[in-house]
Each structure stands twice: as structure tokens, then as C-alpha cells.
Amino acid sequence: MGEALMTGPAHGPDAQAMAPAGPSPSRGADGRATRTAAVIVPDWPLVAARDRHERELEAARSAGEGTGRDARAAAPLVLLDRHRVAHADPSARRAGVEIGMRRRSAQALCPDATVLQTDRENESALFELVAASVDTVAAGVDVLRPGILLLGARGPARHAGGEEALAERIVDAVAELTGWDCSVGIADGPFAALLAARTGRIVRPGRSAEYLAPHPIAALRHAPVGPGWGHRDRAAPGAREKRLDLAETVDLLQRLGIASLGDLAALPATAVADRFGPDIALLHLLSQGREPAPPAMHRPELPLVVETVLETPLERTDQAAFVARPLAEELQEMLVRRGLICTRLRILARTEDGAEMERTWRHDGALSVADVVDRIRWQCDGWVTSARLGTTRTGAITRISLHPLQLMPAGEGAPGLWGSAGEASQRASRAFARAQGLAGEHAVLVPVATGGRLLAEEISLVPWRSEKPPRHEGPWPGSLPRPVPATVLRRPAPIELHDAAGRPVVVTARGLLSAVPVRLRIPAETAEVLAHGALAGMRELAVTAHGAPTVLDERWWSGAGHRAARLQLALALPGEGRASREGRRDLADGADGASELSRGEGALAVLALSQEGAWRLEGIYD
């Protein structure tokens, strides 16, 4: 097995946590982490790019075009993504090439380097060779992303005679069938297994938390969350993933004085969730050597399977694209009809000689049609490439089927209105905290539903991150029926209502209007408040319709009580025509009145409040 699995005594504070282990239970001592094996091919994008480059050189040599090009195959290798360095091999890094550097700068530092573009299609298809090699040792391989595999370790370790023997067999199988080196790590939970795989270690059952504790907080960059894991290994064209940015998270935690995973794990879980949100709460869970509970799965009465029989056997990679989309669309339609989403998918293929090949893809969200198409195409490309290179002896593919393994109700995977709590949420949180630090706690206010009779009382503005006031459920007699105005003035602004003779309209002691309102005038002080709203620049409007007043008697039994009345009005906007007196009509009280007011063509509905004989504007309807 060589140096890929370090089974000797470890050095450092985690020495006792790492040692060879025999067959182990599927869960650690805390009962919350599955015994997991991780398989990593180091620098996989570079390995895949060099393999593709060597095959291109071989094809050119066969065509008689290989003069002067063979030396470039062993040259330092640099991969670019959007004109910047995404990966560099050790030779290029020793020459000074760094990730994120521009192409011109990289070539100036390392003139002999072979500069290629990243090719995720090639990386995904070629990695099937590694997955197929691991499949010969242990079934049930999950491809997290090209270059990294996960599999349950309990059953395969028992079959192989121990976890150390399992790791040796996986390394030997990959080397024999592909010629590439890989590293295997086994631990409780995926995060500990991934870190253990980078140094080829086996962590004893129940000791993952102890193993993780001394790792620097920068190790979170390898956590299996955020962009690049599951189906998020590639951003949609022209769209930026609104997901957790691990680099920014590590920087934030370091600035807060959290230097190691042990420091993060020691924090109270509720405090982490309240302060940072669910994404960093997940990292906190992983740093403790645990793993999140799997989502509640939906098990249909009949298994869902989408299958197609190919009239022309699939022998070339370009055929995969034509096969993938109809299958993906049929699966999506089947899931939509049942109100489900798929988060784990198995792709199974049958060849003309009766052999079956399968691969499972893990997911961190709802599968879209494009996600399924990519995976089918990558998988078919990988199988065809494997057969062409002679790694596996299979015939042409004649049947392909999709088997959803993990289903959830569609609502479980729906994103929030403001997106998931990720990079954008964290940036906003830091901006809010900085604003409060500079201008005081009340510099950032957030709305909280508290309940009340008046519109301004239903919502309270409280400082961000402060304790929310209790909600008063009511009942609230005289409160406004839904829908409520879209714009609510925190402090109702003064207005004037007049009848046809120019006299002020008031609400009598019996709760009736003294006259039919005809004109609404906006004083100068109110015009300033409404300068950016629907009534901007308006000083006088005609009243085209109105509802019946709703009397509000608050605390009538005490000396602190007061009386008010609420009135809905429809106003004619300038240039939209005015309703004649005959067209005016009193509207019934309640929600029907509000809907009738909003139907007037060219009218704007408002809500007025009468207090102590004076009218105020309380809200404006859309």
C-alpha cells in the first residue's frame, strides 16, 4: 500500500485517535456518525488534464504530427479557469505560480509550463475509471464530486478482514486498473473521513472529535458543504451560486479568534446557530465529528423507475447527449406529479452481453433536469471511455434506467424567499454588524410582528439581533380586514377632507360622516412625507368613492381611553378622469369594501384615520 495509508503510530495530540482498526460498527460512540471511508485522488483536475493531454499527443503522434511536442507532456502543468490559474502542479508552484494568478503572470514565472483549460466534462467522465475500480472492492460507491468518493465502511471492512485491509485493497485496485495513486481515510462521519484520507489515516471508532480538534480552522475548506459538493460542482452559466463560501467563513472565524476545529466544536450549538445561521451551524456539527441527520425520506408504494431501451446501442460518447435529456425530463415529470424531489440518484446501464453497471450520485438539493442530464452524460462517457481504454470489458450499452434512491416532499427542498443562508446572508450580517458598531444599535432595524389594532401597531421595528418583543395575539375588535395597505405610515400624516361646499367632513358621535367627502387635500408637511410615494407631488385629489366609517373605541372603560374612526377612500389620479357625483356610492364596511375601492379605473385607494376631529393618512393601497 506504500505511503497512501499511514498505519504507524501518529505524532501530535491526535496520536491515540489514529490507529488501524478492525471491523467496526457503522456508528461511532456518539451514535450520530456513520462509519465512512473516503477515497481521494490528489489533484484530480491535474491528473485528468494530463491524461487528456497525453492522449492528444498520442493521437497526434499516430497522425505523424508529434514532432517537438513529446517534451511538453512532462512539463509543469497549469490549468486555467476564466483566464486565471485554477490548479498548478508542484513543479509550477515551485516556480512561483499561485492560484488566482493571471495567465500572463504564470507563464512569465514558468515559461516551460503546459497551460490548459479546465474541462469538467473530461474530469467527470474519466473519474468513472476510479469509481469502477473501487466498485470491484466495495459496492455502493457515492461520487461526491470528481476526485472524491465516499462509501460506507462497515460491510466492506468486514468482508475484507478489517479496515486496514479494506484501505489497502482499494488503493491496490485503483493503481492496478487505472495507474493512478489514491489515498483512503476511514473515520466516523464524512468530514473526518475526508481529512483522514488526505494523510491516509484510519481513525478509531468514536474518536473522530478527538482527531478533528487539533486541526486548524482552515481545514473547513475541505468540508463537504457548499458549492462543489453534490450537484453543486458547477455553477449555472451566468449565475453565481448563493451558497456558503468556505473561504470567507474561515476568514470570519479566524478574525473572531477561533483557531482550531476544537475551538469551534466547543461553542454552544444554539449560540452558533443564532449568531451565524444554519450553514455555519452545519460546520459546527461536522467539527464535532458528527453528521447531520438524513432528511425524512418519502417511500412511494411503487418504486419509481425511468428506463429506456436504446434502438441503437450506445458506443460513442456523443450519443449520450441525445439519450440523457428525454430520460431526465421523464423523471422530472414523474416527480412533479407526485410532489417529490430526488436528492440521491442511481444510474444503471445494461450492455448487450447482459452485464450491468451502476453508479450512485449524491445530492445536496433538488435535482433539476440539467443536473440529471449532466450526470447521465458523464456516466455514459465514463463507461464508454472505460471500455475503449480496456479497463473494463463490456459491450455496447442497450438499456439505461434511473432509480431515485432518496425522495422528499417538494416543500422540504424549496429555497426561502430570500435564498438560502449562505454567502450573501453572511455578507449582509457582517455589514449590519459594522453599521451598528459605527452608528449604534438602532442603526439597523428589522420588522417584527407584534399585533395591534392600528396598522402602525401591528409591526414593531427592533434593533437587529436584539430580543424580539412578545406578540400580542388579540383579538383586536375593529382591526382592519385583509388585505392591508401595501404602504403604512409609521406616523399617520395629517390630511383634510371636505364636502362639496368646502366644509370639513367629520365623524359624528354616532359614527357617521357629517357629509359626503368630495376633496382630499394634502398639507405641505404631509407632501414632504409622501415625496417618494404614489402621492408624490399631489396636493389635492377628488374622492370618487368611500366606505363606511369603522369606529375604534380603545380603553373606553378607563380615563386613558380614546376614540377614533377609520375610513377607506378611492381617489381619482390626475389625468385619469373624475367620477361624477351620481357615480359616488357608499360601500359596505369590511373586506368587500376594500376590494370594491381598488376596482375603480385610474383610482388610488387610501386609508384615513380620524382622531380628535382631525384626519390622518394611515396607509396607501397598491
**Prompt:** Quick one: Karplus J couplings for segment 509-523, per residue in order, coefficients 6.51, -1.76, 1.60, θ = phi - 60°, nearest Hz, x for Gly and Pro?
**Reply:** 5, 8, x, 10, 7, 6, 6, 6, x, 10, 10, 10, 10, 10, x
**Message:** Given Cβ point charges of +1 (Lys, Arg) and -1 (Asp, Glu) and nothing else, what value in debye, to the nearest 20, does the dipole of segment 306-409 about its Cα centre take?
**Reply:** 280 debye
**Item:** Exposure rank, largest accessible area first [514, 287; 1.4 Å]
**Value:** 514, 287
**Prompt:** What whole-number value in cubic angstrom gives the convex hull volume per residue for the C-alpha atoms of segment 83-141?
**Reply:** 109 Å³
**Request:** Subtracting the Cα-Cα distance from 0.36 nm times the residue separation, let me have the gained length for residue 431 to residue 336 in nm, one decimal.
**Result:** 30.3 nm
**Prompt:** Can you run phi through the Karplus equation (6.51, -1.76, 1.60; θ = phi - 60°) for segment 43-53 and list ³J(HN,Hα) in whole Hz, with x for Gly and Pro?
**Reply:** 6, 4, x, 5, 4, 5, 5, 5, 4, 5, 5
**Item:** Karplus (6.51, -1.76, 1.60) ³J(HN,Hα), θ = phi - 60°, over segment 605-621, in Hz, Gly and Pro reported as x
**Value:** 8, 9, 10, 10, 10, 9, 9, 6, x, 10, 8, 9, 8, 9, x, 10, 7
**Complete:** With residue 85 itself left out, Lys, Arg at +1 and Asp, Glu at -1 over residues whose Cβ is under 13 Å from its Cβ give +3
**Prompt:** log₁₀ I(q)/I(0) of segment 306-409 at q = 0.18 Å⁻¹, via Debye over equal Cα point scatterers, no solvent, to two decimals?
**Reply:** -0.80
**Asked** In whole percent, how big is the carbon plus sulfur part of the accessible area of segment 306-409, probe 1.4 Å, protein atoms only?
**Response** 46 percent
**Item:** Amide H contacts of residue 552 (H built 1.01 Å from N, under 5 Å, at least 5 apart or other chain)
**Value:** 564, 565, 566
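The values are calculated or read from the model by the stated rules, or taken from the named source; none is laboratory data. Source: prediction; values computed, not measured. Backbone-built Cβ (ideal geometry, glycine too); neighbour counts: all protein chains shown. Please note that ligands, DNA and RNA were not included when accessible areas were found on the heavy atoms of the full protein model with its side chains. Shrake-Rupley method; radii C 1.70, N 1.55, O 1.52, S 1.80 Å.
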